[in-house]
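Participant: My questions will all concern the structure given below.
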Amino acid sequence: MSYNFKLFFRSFYQSFFKAKGTHARLTRRRVLFLLLFYVVWPLWGVIVWFSFLLDEVLFPGFKRQPLDKPLFITGNFRSGSTFLQRLLAQDRQNFTSATTWDIFISPSVTLTRLFGLIRALDRLIGNPLTRLLKWLDRRTLGRVEIHRISFFKPEEDENILLHLWSTSFAGMLFPFMKDYGKYFYFDQQLEEKEKQGILRFYRRAVQRHLYARGRFPHFLSKNPSFSPKLGSILKEIPDARIIYLVREPQDMLLSTISWLGYTWHVFSDPLVKYPFIEEIIQFSRHWYDYPLRILADADPQKYLIIKYNDLTADPEKIVRMIYAKFGYGMSAEFERYLRAESEKSRRYTSGHQYSLEEMGLTRERVLREFGDVYARFGFELPE
């Protein structure tokens, strides 16, 4: 699969010459972001792709790396996937996940080994580079709200597809829904050749990750954005295990609109506080329908459907069910950690407050769009 230069340069052209009156309008802050992006990203992209070529020469064995029962957590946005992934990621006898650093800075075996050498040298002189990186992490990524991220925490490895420029996440940097909206309907709107190329690149990325680390038996991924590509995922990685998380639609929708609105405002100056509400409603609807349709025809031993409220009410019970279903062994150390985290989860209350009215929505509209989801999963109807 080659880089999507056509879409990349189309976004460049639209950003500088067709942005007037759009959510990507050219304000001072937007111009500064674009100038920084179009200097840093292409230069780093050359390094990343050169490292991919070096992998082929120096570490060709990565292509033979087996994918044994990799676990994929999906569902709509804001449905508990981050919580579950970061919980399971603490079981280092079973799982490895891609961190933000792995995804953007060291996605190849070559770069992973290079930075590993640098870390080893850094430890010999008292870790000054590590301390600097942690400070930068706190001062930059640590300030991101709603969805907490860090160089050192597991993150959505859908972002690896930014190295192809073939993902809906590029649309968070460049809010041109006409160009990037198709990725929200991946299996339906992309041609078969393009789908196969993207998923083959992703599988190679997972193999690189496992090969470079060596000691972990299972890859752990959380990607709500895999909901519209679940059929393709199961074809490309047939041994995959799937957890589909389902959350009460109104809570999911309001949280998603808020989070995406926040993200677009980080990189752009949209015309309104909450852009693309109609588009979000429609792809959220699809992300309920399509994965459930695919799973209905899948091997029942390879997937679980879990309600968000069940997960947050008793994480320990849900994790034990996952391990029993998919045959993962649980260490005593992880059991103790799981028990403690389960207690924390029961005491946690979210500080986020959302309003239907603020987003121009009504209870009736939510029920019209998602009434069958409420009925199927027995969710309490919103007041």
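Values quoted throughout were computed directly from the atomic coordinates according to the rules given, and no laboratory measurement underlies them. Predicted model, so just to flag it, every value in this text is computed and none were measured. Methodologically, a virtual Cβ is constructed for each residue, glycine included, from the backbone with ideal geometry; neighbour enumeration extends over all protein chains shown.
Participant: In Å, what Kirkwood hydrodynamic radius results for the chain from the alpha-carbon pair distances?
Facilitator: Final number for the Kirkwood radius of the chain is 22.1 Å.
Participant: Per Stokes-Einstein, at 10 °C and 1.306 mPa s, what whole-number D in µm² s⁻¹ belongs to the range 1-63, with the Kirkwood radius over Cα pairs as the hydrodynamic radius?
Facilitator: Translational D for this selection: 114 µm²/s.
Participant: Moving to a separate point now. Please give the contour-minus-distance gain from M172 to D314: 0.36 nm per residue of separation, less the Cα-Cα distance, rounded to one decimal in nm.
Facilitator: Taking M172 through D314 to full extension adds about 47.8 nm, to one decimal.
Participant: Label points 7 Å out from Cα along the Cβ direction at R213 and H265: separation in nm?
Facilitator: Rounded to a tenth, the inter-label distance reads 3.5 nm.
Participant: Another question, if that's okay. Dividing the convex hull volume of the Cα atoms of the range 109-223 by its residue count, what figure in Å³ per residue is obtained?
Facilitator: Taking only Cα atoms, the range 109-223 has a hull volume of 134 Å³ per residue.
Participant: Further question: With N denoting the number of residues in the range 316-372, provide Rg(C-alpha) divided by 2.2 N^0.38 Å, to two decimal places.
Facilitator: In units of the 2.2 N^0.38 Å rule of thumb, it is 1.84.
Participant: From the Cα trace of the range 64-126, what convex hull volume per residue do you get, rounded to a whole Å³?
Facilitator: Cα convex hull per residue, to the nearest whole number: 148 Å³.
Participant: Restricting to the chain, compute how many DSSP beta bridges are antiparallel as a %, nearest 5.
Facilitator: So the antiparallel bridges in the chain amount to around 5 percent.
Participant: Would you look at the GNM of the chain, springs on alpha carbons closer than 10 Å, and say which of L338, L129, L304 moves the most?
Facilitator: L129
Participant: Taking the alpha-carbon distance from K193 and a cut-off under 29 Å, which lysines remain once sequence neighbours fewer than 8 residues away in the same chain are dropped?
Facilitator: K6, K63, K69, K178, K182, K222, K229, K235, K302
Participant: Please compute the modelled spin-label separation between V40 and E333, points set 7 Å along Cα→Cβ, answer in nm with one decimal.
Facilitator: Going from the E333 label point to the V40 one covers 3.5 nm.
Participant: What nm distance separates the two modelled labels at R29 and R365, each placed 7 Å from Cα along Cα→Cβ?
Facilitator: That separation, rounded to one decimal, is 2.5 nm.
Participant: Compute the separation of the alpha-carbon centres of the range 144-177 and the range 269-287 and state it in Å as a whole number.
Facilitator: Each part's Cα centre sits 17 Å from the other's.
Participant: May I ask you to list the aspartates and glutamates whose Cα is less than 15 Å away from that of K20, ignoring any residue fewer than eight positions away on the same chain?
Facilitator: Once the sequence-local aspartates and glutamates are set aside, what remains near K20 is D269.
Participant: Do the sum for the chain: with -39,500 (n - 2.57) for every DSSP H run of n ≥ 4, divided by all residues, what is the mean residue ellipticity at 222 nm, to the nearest 500 deg cm²/dmol?
Facilitator: Result for the chain, helices only: -17500 deg cm²/dmol.
Participant: Can you tell me the length gained on complete extension of the stretch Q90 to K302, counting 0.36 nm per residue apart and subtracting the Cα distance?
Facilitator: Answer, rounded to one decimal: 74.1 nm.
Participant: To the nearest 0.05, what FRET efficiency results for Q282 and K63 with a Förster distance of 45 Å applied to their C-beta separation?
Facilitator: Working from the Cβ atoms, E equals 0.75.
Participant: Taking K and R as +1 and D and E as -1, what net charge do the other residues with C-beta under 12 Å from the C-beta of R131 add up to?
Facilitator: Around R131, the charge tally is +1.
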